[in-house]
């Protein structure tokens, strides 16, 4: 069951990411990123992180991607043009990304026996519910960082308003 | 029963595609989208390790990453709007104010 979920949604995520890479129009890239985020939400759920799966759908594919699509439509962004700089980036970018992938894959595969396996609906070690444990830690031990993030969001809103305002 | 290494490998694939897109793409919005893809790939590693160690701290990290990503997206898109308003282009090769 979990293997099937992983294979289906992992393949979907990789296909969405590749589509993001190969599409020329930004709106197509944005919509393929929505596909990636939705499949990642299913993978989070299969790893026992229900709250994060819901937050992924609501915050990432709901709020952030709507903002992206909104800006793309507002600026009427067309297809990108290939330039000299993009040829140089091709020559560096593809080998560089491949090299980083090879290093990561080597490390993960050589340590795969130590890493163990994932079980569907895995619980935390003390047998409590995932969301209960998450909220317990978030609202007691990490209350100050949690409140600071709300200030961060407020500052970001103010910054966005100031930056996007028409200059007088 | 899926080895955790497969999840990490999937995250590595997504991260590498994000790096490639970041370097190859010429549209500033698409570059920003590929940064979001890389953030998501890292979040997957956090969740996978949180599952492995039966610890909730990895998931809390992902929660904070999501909050910061939301703030970052708001500010970044506002900057993109400001760039477009002054330079009438979204191509990063033509946004070279600090290069001249």
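Please treat every number below as a calculation from the coordinates, not as lab data. Since the model is a prediction, treat every value here as computed from it, not as a measurement. No Cβ is skipped: glycine too gets one built from the backbone with ideal geometry, and neighbour counts run over all protein chains shown.
In contact (Cβ under 8 Å) with a residue 40 or more places away in the chain, crowded, with 19+ Cβ neighbours inside 10 Å and part of a helix (DSSP H, G or I): is that true of residue A:43 in this structure? Criteria not met by residue A:43. Out of A:74, A:33, one residue alone is out of contact with any helix residue (DSSP H, G or I) (no Cβ under 6 Å at 6 or more places or on another chain) and free of Cβ contacts under 8 Å to residues at least 40 places away in the same chain. It is A:74.
Can you name the residue in the range B:16-34 that is within 16 Å of residue A:34 (Cα to Cα) and touching a residue at least 24 places away in the same chain (Cβ under 8 Å) and, of all such residues, is nearest to the chain's Cα centre (by Cα)? Looking at the filtered set, the residue picked out is B:32.
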